[in-house]
Amino acid sequence: MKRLNQEHFFSVILSFVLVAGFTVARAQDVPDVGPHPPTPPKAMESHIGNLTGHSQDAKSDYRRYCAGCHGDLGDGNGENAVWLDPKPRDFTIATFKCRSTLTGILPTDEDLFDTVGRGLTNSNMPIWNTFTRQQRADLVAYIKTFSPRWEKEKAGDPIKIPAEPPVTIESISHGKALFTKLECWKCHGPQGKGDGPSASTLTDSKDQPIRPYNFASGGDDSRFKCGSTNADVYKIFITGVDGTPMPSFADVIQPNDAWDLVHFLRTLQVNRHSKENDVLKAAGGKIPPYVEKQAEAPASQSGTRTAGGGN
Amino acid sequence: MRMGTQSNVSWKRPRVQSFAATALVVILLLLSSNQNANALPAFARKYGLRCSACHESWPMLNYFGQKFKDNGYQLMNDRDAPIWQNPAYWPVTFRITPIWHRLSTGKVQTDTGVTRITSSGFDLSGLDFHTGGTLEKNFSFYVLPSSDPTASFHFETVMGRLDNLFGSPWLNIKFGKFELDNLLSEKRILTLTGNGGIYQIYHFRPVGDGNIFGQIGDNELGVELMGHSYDDRTRYSISLLSSNDGQVGLPYGANSYTGFFAASQAFDAGKAGVQRIGVYAILGDAPTTWLTNMGNPIGGSGTGNKSFHREGFVGQFYFGQHVDLQVVTQHGWDNAWFGQGYGDLIDASTLGIAGLNNTGGTLPAGSRAPTWNGVLFEPHYVYSPQLIFIGRYETIKMSQQANGPGYMGGTGSASNFGDISTYTVGYRYNPFMTSRAGFAWHNEYNWLHSDGTSPTGTNINTSELLIGFDFAF
């Protein structure tokens, strides 16, 4: 009986070894969906504070979490891409929406790091804040392997964001005037609902239809794609949203004017509690017409007036 | 070939009556049909994420999948409400596992004596129909009709959820029948054999114990308040449950409740990954006294509540991208009345077993509250998102037997009576990894050892080898 038990034991082990060996041989650590990378990508690094990310350490995580949408080649053609709207980012052209750098310039590693951890609202990009900071840094480095731009060009410097002036009904009024003057309403609509006359004609840089942001949607927790703070909105004006029709206003708007525009846009978020909505409510709920002389008066707000925060 | 040879071998033993051995076989058969698990390609289809985004290896969740679940099956990217879905989308997943297995149970009581029964053949698991998702932002549901291998269905899970109450992730409510907030989820277990397909530590009962109500692996009926930090690093849950083992129709106690509490904290450990440690406790009471009609217990009439509790630590430790170790400990305690077999008179009556009814008498001298300690180690080697190797070792040791010194004038039960040890090894290979369906080639071996529970009072060894196709769509 003891001999039989031993034989039984060893036969079980043998069957495991044989079948497991076959399975390991089949389970090569290469993409199983879509085209395989023609050559191994060049190793890249990312630098976020004291962290250094290494692209080779993110290969498995990219495949596990990202490749389904962004594709094994990083070209935004994962097996799910056809079903997604908006389409996944194409890393091979290294054009990114959420940056702290001026339009057309590569984002900083921190920009990509923050985007991974923040996710992109109104898209299928999840909030990947479950990763360790090291994992995120490694993934940023891996993303940079897909485009030769990261070898040829340097990432830009982050724009400088001046201190936010106080919210007043005048700043909101001025912001509303700017909203009209800069023709923001043509895409975003007069009420900021994303229903302006040009809205239905917009396409992104890959000729995919794209909708302007609807400020009125969402509740108290509504977010913008590139953040949720007033400074994030300010940054969007100045840097633009590359790859979309949203341009950079760095050359046409002064910093305090940009802050006024931020204050007005917050009032379009009618379901969100904000200091701007409090000020508007205290003023009777109506935005008074903007009087030009207010703009010509010496600015009482704090903050520098350096254009766009850097060139 | 050798297996076939050995399957014809049997050992003749003297015929000795043993309720324990018979009960063990019944339990094994019941448990072998209890392998429903939660892995939803329907969620993957909705969000366009590969299975591997949420599962370390399906159906076991990874940290991101746990956060998705804790958010009420939402990614929290403002695309969670059904209004964003194609109207034809219907969130249904089925899962079933055709298998071949070889089961060998030692020292079974038969009319011709005590013998080992070994059988092998092709078989099926039960069939699960998972449906779940959001009804609206922050309103979600989960319904799981589940069958045994003969297609007899019951509701394994039925619940509604309200999430992010008052805009806070710390306030989420679950109501209905649901899985307890076990970090190492038995419903998402990676193994499938009768004994290896459950966590023994979640279901352990001392031999002869009548308390079926303290099994944290079973889905329970009740309400749960759960909360977590924005990144899910910190989690807690508090549940109020009926002490009815998840059975519908108020079949047991007239007024018996159980509480379950769990909390955990995760830490960023750099390249090693996110580590998590936590605690859990279940504390409840359950009936021992029943009204009867013609000697049969009446469902819902149970009173004479006696208490029980289990508590322990949980750890999820990661050592880079390929190796992790899951650990669960447990200290268990049942009231002495349960230890003497009082408790579930209803099911005993249904099975034709003469159960015990606490009608105001006293326990025999030497009766004590059974207590035990157990630990579970489950290491994984994740070769790639498509291939995982699984190991598990569990051991549960009695620290105080129900029948102590002086019981019935004797010396009581041996100190190791009813101790169990079990190990499981196996692997799952997914030949493809998409967001549409799941398929795993599954191979597993389990061995279980129980001390002193054979009809002859000796130890019992049970083993099972299983090979199967585990798929869900």
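The values are calculated or read from the model by the stated rules, or taken from the named source; none is laboratory data. Given the structure is predicted, the values throughout are model-derived calculations rather than measurements. Counting neighbours? That spans all protein chains shown, and the Cβs are built from the backbone with ideal geometry, glycine included.
Of all the criteria given as (1) more than 11 Å from chain B (Cβ to nearest Cβ); (2) buried (at least 21 other Cβ atoms within 10 Å of the Cβ); (3) modelled with pLDDT under 95, the one not satisfied by A:Ser55 is (3). Would you confirm whether or not the range B:192-207 contains a residue that is of a type in the set (S, T, N, Q), more than 21 Å from B:Tyr142 (Cβ to Cβ), more than 14 Å from chain A (Cβ to nearest Cβ) and touching a Leu at 6+ places or on another chain (Cβ under 7 Å)? Within the range B:192-207 (the criterion being of a type in the set (S, T, N, Q), more than 21 Å from B:Tyr142 (Cβ to Cβ), more than 14 Å from chain A (Cβ to nearest Cβ) and touching a Leu at 6+ places or on another chain (Cβ under 7 Å)), the answer is yes, since at least one residue qualifies.
Note on the range B:442-451: residues that are more than 14 Å from every other protein chain (Cβ to nearest Cβ) and in contact (Cβ under 8 Å) with a residue 60 or more places away in the chain total 2. Checking A:Lys160 against (1) surrounded by 21 or more Cβ atoms within 10 Å (Cβ to Cβ); (2) outside the structural domain of A:Lys286 (by TED's automatic domain parsing); (3) not aliphatic (A, V, I, L, M), which single condition isn't satisfied? Failed condition: (1).
Every residue, every condition in (1) within 25 Å of B:Thr193 (Cα to Cα); (2) more than 21 Å from the chain's Cα centre (by Cα), yes or no:
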site	(1), (2)
B:Asp334	no, no
B:Gly352	no, yes
B:Gly374	yes, no
B:His380	yes, no
B:Met408	no, yes
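Of all positions in the range A:17-32, none carries a residue that is more than 22 Å from B:Tyr429 (Cβ to Cβ), modelled with pLDDT of 60 or more and among the β-branched types (Val, Ile, Thr).
For the subset of the range B:368-379 comprising residues that are of a type outside the set (S, T, N, Q) and either more than 30 Å from A:Tyr65 (Cβ to Cβ) or surrounded by fewer than 21 Cβ atoms within 10 Å (Cβ to Cβ) (or both), which member is nearest to the other protein chains (Cβ to nearest Cβ)? Ranking the qualifying residues of the range B:368-379, first place goes to B:Pro379. Only a single item in (1) under 30 Å from B:Ala81 (Cβ atoms); (2) surrounded by fewer than 19 Cβ atoms within 10 Å (Cβ to Cβ) is not met by A:Glu153, and it is number (1). Screening B:Val207 on (1) surrounded by fewer than 20 Cβ atoms within 10 Å (Cβ to Cβ); (2) over 17 Å from the mean Cα position of the chain (by Cα); (3) within 22 Å of B:Asp419 (Cα to Cα) shows it passes everything except condition (1). If the condition is being in contact with a helix residue (DSSP H, G or I) (Cβ under 7 Å, 6 or more places away or on another chain) and outside any loop (DSSP other than H, G, I, E, B), then the range B:426-440 contributes B:Tyr427, B:Tyr429, B:Gly438.
Quick grid of which residues meet (1) surrounded by 17 or more Cβ atoms within 10 Å (Cβ to Cβ); (2) within 12 Å of chain A (Cβ to nearest Cβ):
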position: B:Glu394; (1), (2): yes, no
position: B:Lys397; (1), (2): no, no
position: B:Ala402; (1), (2): yes, no
position: B:Met408; (1), (2): no, no
position: B:Thr411; (1), (2): no, no
position: B:Tyr427; (1), (2): yes, yes
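Over 11 Å from the mean Cα position of the chain (by Cα), within 14 Å of another protein chain (Cβ to nearest Cβ) and in a loop (DSSP other than H, G, I, E, B) - does that describe any residue in the range A:131-153? Scanning the range A:131-153 turns up at least one residue that is over 11 Å from the mean Cα position of the chain (by Cα), within 14 Å of another protein chain (Cβ to nearest Cβ) and in a loop (DSSP other than H, G, I, E, B). Scanning the range B:81-91 turns up no residue that is over 25 Å from B:Glu179 (Cβ atoms), among the polar types (S, T, N, Q) and away from chain A (no Cβ under 13 Å). Close contacts from the range A:210-231, counting a first residue that is more than 10 Å from chain B (Cβ to nearest Cβ) and outside any loop (DSSP other than H, G, I, E, B) and a second that is surrounded by 15 or more Cβ atoms within 10 Å (Cβ to Cβ) and of a type in the set (S, T, N, Q), with Cβ to Cβ under 8 Å and a gap of 6+ residues or different chains, come to A:Phe224/A:Thr121. The listed residues are A:Gly71, A:Gly76, and the only one of them that is over 24 Å from A:Ile238 (Cα atoms), surrounded by fewer than 24 Cβ atoms within 10 Å (Cβ to Cβ) and in contact (Cβ under 8 Å) with a residue 12 or more places away in the chain turns out to be A:Gly76.
Within the range A:162-169, is there a residue that is part of a helix (DSSP H, G or I), closer than 22 Å to A:Lys275 by Cα and not hydroxyl-bearing (Ser, Thr, Tyr)? The answer is yes; a qualifying residue exists.
Considering only the range A:109-130, I want to know if a residue exists there that is in contact with a helix residue (DSSP H, G or I) (Cβ under 8 Å, 6 or more places away or on another chain), more than 14 Å from every other protein chain (Cβ to nearest Cβ) and outside any helix (DSSP H, G or I). For the range A:109-130, residues in contact with a helix residue (DSSP H, G or I) (Cβ under 8 Å, 6 or more places away or on another chain), more than 14 Å from every other protein chain (Cβ to nearest Cβ) and outside any helix (DSSP H, G or I): absent. From the set of residues in the range B:92-113 that are polar (S, T, N, Q) and more than 15 Å from B:Arg45 (Cβ to Cβ), which is nearest to the other protein chains (Cβ to nearest Cβ)? Selected residue: B:Ser104. Just so you know, in the range B:383-392 the residues that are within 12 Å of chain A (Cβ to nearest Cβ) and in a strand (DSSP E or B) include one that is farthest from B:His331 (Cα to Cα), and it is B:Ser384. Within the range B:56-63, the presence of a residue that is of a type outside the set (Lys, Arg), within 7 Å of another protein chain (Cβ to nearest Cβ) and buried (at least 23 other Cβ atoms within 10 Å of the Cβ) is excluded. Within the range A:271-311, the set of residues being farther than 28 Å from A:Leu102 by Cα, crowded, with 16+ Cβ neighbours inside 10 Å, under 30 Å from the mean Cα position of the chain (by Cα) and at pLDDT below 90 comprises A:Arg272 only.
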